[in-house]
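Here is the structure we will look at.
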Amino acid sequence: MPFKTIIEPFRIKSVEPIYMSTIEERMDYLKEAHYNPFLLRSHQVIIDLLTDSGTSAMSSEQWAGIMRGDESYAGASSWERLEHEIHDLTGCPYILPTHQGRAAERILYGHLGGKGKVFISNTHFDTTRANIEFSGAEAIDIPCHQAKDNESDFPFKGNMDIGALEQLILTHGAANIGAVILTVTNNSGGGQPVSMENATEVCAVCLKYRILFVLDCCRIAENSYYIKHFEKGYEHYTYREIAQQMFAMADACVMSAKKDALANMGGFLALRNEPLAAACTNLLIITEGFVTYGGLTGRDMEALAIGLREVFDPGYLNYRIKSTAYLGNHLKEMGVPVIYPIGGHAVYVNAGEFYKHIPAHKYPGQSLACSLFVLGGIRTVEIGSVMFGKYDDQGKLIPATKELVRLAIPRRVYTQSHIDYVIEVFGLIVAEKEKAKGMRITKEPPFLRHFTAHFEMLE
Ligand SMILES: Cc1ncc(COP(=O)(O)O)c(C=O)c1O
C-alpha cells in the first residue's frame, strides 16, 4: 500500500474505559505498590505495557467460539478442534494442553532436569530458567555475538551461538544436556527473531549429539514475519508455512498460548517421542488435569484454536510488526537508546545506557519503569539486574548482562494515538533524565523476585 499510516486492521466493537489519573495520584499509587509496577492495580494504569502475555483483544470469531465451548470433562469437541490445529501446525503427534506456558515448562523440565543436568538456550525466559533451576539443573544462555552490539542492524539477533553450543556440549558431555531450547522470538534477549538457518544449525548439532531440541514457540508467528521478509529464500512461503518448517525440526515445543494464539489464557506441550509423551502425560494428569483439557476450559480451547489461525493473517502480522517498530523508531530518533532492530512484540530501552549515572546495583531499569509510571501512567517491566541479578557468596550483586526496560505491546489493544501518547511521555523522560534516582531492594523472595520484591527510592 502506498500509505505510511499503519491503520489497525480491525474495527472496535467493545471498549474498556481508562481512568485518567493525575501525577500526584500516581506517586501515591507507586508508593503503596512499594515501587514495583507488578504490585499496582490495573485501574491505576493508563497505558499498560507490562506484558503482551494474555493481554490480547480477542476477535468476534473468538468470542463466538467462546459460546461454542464444549465443557465436557473428557473428549470435548473443543479439545478435538484445538488438538487438530496444534497438530497441523507443529506436526507433533502428542499434544498436552496446559493452563499456561510455565505449566508446560514445569512438566517437561521437571521430568528432564535434576541435579547434574544442563540446559542450553539462546536465552532462557525467566520462568524457563526458574523451572530448570528449581529442578536442580543448570540453565546456560548463549546468544549470538551480534546480540551484544546494540547498534548493529543484523536482523536475527535472537540466534544462538552455534560454536558455543558445540563447545558446551563437549565440556559437559552430551548425556548431561537435558535439552537445547531455542526461544523464538528471543524475549529476554530483546524480542529479537531467530533465522531458519540458525534453527537448522541448532537442529543439526542436536541430531549429531542426540540431544532433545525444544522450541519455545510462543511468538513463532512474529518470528515467521522476519524470516519471510529478511531471510533469503522464504519470500514465497506463507507465514504459516515458515512456522511449520521450523516446527518440523523440533523434538518438542513448549508454547505459552497467551501470546501468538491471541488468547487470554492457555499453553501446550507438543512432543514427537512416545515415551517422553507418556511420562509428561502422567505429570499433566497429576498437576493440570485430564489429557483432553489440561488446565483449560472448553471455551479457552475454542479461542486458542481460532487465534492460532488468525495470528498468521498477513494484514495482522504486517500491522503488528510495523506498529511496534513505529514506537521503537520514534524513541530512537529522540535519543532514547533502544535495542535495535526493534523486535516484534516489544520495544526494549537500554536503561543502563540511558541512566548512565545509576549503576547496575542501584537498578536503573527499575528507576526508569517508576518514572514512566509517575510521569505518564505507563506500566512497563525491568528486564535487568532486578529480574536476572544474582548474589555471590558475600551477598554482592552479580548484575545481569543488560539493564533493560521492556515496553510490551498487547495485541490488537492500543491504537496509534495511545502509542503517540507514550512517545510524548518519553519526551518528558528525556528532559528529566538527570533527575532520575537509583533504587534499593527492601524485600525479596528467593525465586522470580521481580514479581513481588519491594523497593525504595534512594536520595
Ligand atoms: C519466551 C517465553 N517462554 C515462556 C513464557 C511463560 O509463559 P506463561 O507466562 O504463559 O507461563 C513466556 C511468558 O512471557 C515467554 O515469553
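The values are calculated or read from the model by the stated rules, or taken from the named source; none is laboratory data. As the structure is a computational prediction, the values presented were derived from the model and not from experiment. Neighbour counts are summed over all protein chains in view; Cβ atoms, including those assigned to glycine, are modelled from backbone coordinates with ideal geometry. What goes into the accessible areas is simple: the full protein's heavy atoms, side chains included, and nothing from ligands, DNA or RNA. Shrake-Rupley method; radii C 1.70, N 1.55, O 1.52, S 1.80 Å.
For residue 94, list long-range residues whose amide hydrogen, built 1.01 Å from N in the peptide plane, is under 5 Å from its own amide hydrogen.
271
Along the charge dipole of segment 404-459, pointing to its positive end and built from +1/-1 on Cβ of Lys, Arg, Asp and Glu, which listed residue (410, 448, 427) has its Cα farthest out?
With unit charges placed on the Cβ atoms, the residue in question is 448.
For residue 228, list the lysines whose Cα falls under 17 Å from its own Cα; do not include residues on the same chain fewer than 8 positions away.
157, 322
Residue 435: which lysines have alpha carbons under 24 Å from its alpha carbon, excluding same-chain residues fewer than 8 sequence positions away?
31, 332, 356, 362, 402
Probe of 1.4 angstrom, ligands and nucleic acids ignored: what's the accessible area per residue over segment 231-381, in square angstrom? Walk me through the numbers before you get to the answer.
Working: 4850 Å² over 151 residues.
Normalised by residue count, the accessible surface of segment 231-381 is 32 Å².
Using the alpha-carbon centroid of each, what span in Å lies between segment 82-110 and segment 195-266?
14
Across bins of 5 angstrom width beginning at 0, how are the C-alpha pair distances of segment 31-167 distributed, in whole percent?
Spelled out bin by bin, segment 31-167 gives 2, 7, 10, 11, 15, 16, 16, 13, 7, 3, 0 percent.
I need the shape label for segment 214-264. Rule: rounded when a/c is under 1.5, else prolate if a/b > b/c, else oblate, with a, b, c from the alpha carbon gyration tensor.
Working: a/c = 2.58, a/b = 1.46, b/c = 1.76.
It is oblate, given that a/c is not under 1.5 and a/b is not larger than b/c.
Please report the net charge: other residues with Cβ closer than 9 Å to the Cβ of residue 53, K and R +1, D and E -1. Write out the running numbers ahead of the final one.
Working: positive: 258, 259; negative: 52.
My count for the surroundings of residue 53 gives +1.
Hey, got a sec? Which trypsin sites (Lys or Arg not before Pro) in segment 368-459 land in a DSSP loop and have at most 11 other Cβ atoms within 10 Å?
Values: sites: 379, 390, 396, 402, 406, 411, 412, 433, 435, 437, 440, 443, 449; in loops: 396, 402, 411, 412, 437.
Passing both the DSSP loop test and the Cβ count: 396.
Rg/Rh for the chain: what does it come to with C-alpha atoms and Rh from Kirkwood?
On the way: Rg = 21.4 Å, Rh = 22.5 Å.
Rounded to two decimals, Rg/Rh equals 0.95.
I'd like the carbon and sulfur percentage of the solvent accessible area for segment 105-228, probe radius 1.4 Å, heavy atoms only, ligands and nucleic acids excluded. It would help to have the intermediate numbers written out before the result.
Working: 2250 of 4150 Å².
Of all accessible area on segment 105-228, carbon and sulfur atoms account for 54 percent.
If you keep only loop residues by DSSP, which trypsin sites (Lys or Arg not before Pro) in segment 1-67 have at most 16 other Cβ atoms within 10 Å of their Cβ? It would help to have the intermediate numbers written out before the result.
Numbers: sites: 4, 11, 13, 26, 31, 41; in loops: 4, 11, 13, 41.
Listed in order of number, the matching sites are 4, 11, 13, 41.
I'm a student and want to see the number: the projected area of the Cα convex hull of segment 146-241, averaged over all directions, in nm². Intermediate results must be reported in sequence, preceding the final value.
Values: hull surface 26.0 nm².
Its average projected convex-hull area is 6.5 nm².
Restricting to DSSP loop positions (anything but H, G, I, E, B) with no more than 12 other Cβ atoms inside 10 Å of their own Cβ, which chymotrypsin sites (Phe, Trp or Tyr not before Pro) remain in segment 1-104? Show your work: numbers first, answer last.
Values: sites: 3, 10, 19, 29, 35, 38, 63, 73, 79, 94; in loops: 3, 10, 19, 35, 73.
Listed in order of number, the matching sites are 3, 19, 73.
Please sort 297-307, 149-159 by packing, taking for each peptide the average over its residues of neighbouring beta carbons within 10 angstrom, highest first.
Details: 297-307: 25.5, 149-159: 17.8.
Output ranking for 297-307, 149-159: 297-307, 149-159.
Any idea which of 256, 75, 335 is furthest toward the positive side of the dipole for the chain, if Lys and Arg beta-carbons carry +1 and Asp and Glu beta-carbons -1?
Of the options given, the answer is 335.
For segment 303-367, what does the alpha-carbon gyration tensor say about shape, rounded, prolate or oblate, given a ≥ b ≥ c as the root eigenvalues, a/c under 1.5 as rounded, and a/b over b/c as prolate?
Working: a/c = 5.09, a/b = 2.14, b/c = 2.38.
Cα axes put segment 303-367 in the oblate bin.
Relative contact order for segment 6-53 using alpha-carbon pairs under 8 Å, separation at least 6, rounded to a whole percent?
Working: 20 pairs, mean separation 17.7, N = 48.
Across segment 6-53, relative contact order equals 37 percent.
Can you list the aspartates and glutamates whose alpha carbon is less than 16 Å from that of residue 115, not counting same-chain residues fewer than 8 positions off?
Cα-Cα hits under 16 Å: 133, 138.
With a ≥ b ≥ c the root eigenvalues of the C-alpha gyration tensor of segment 399-459, is it rounded (a/c under 1.5), prolate (a/b larger than b/c) or oblate?
Values: a/c = 2.57, a/b = 1.42, b/c = 1.81.
The shape class here is oblate.
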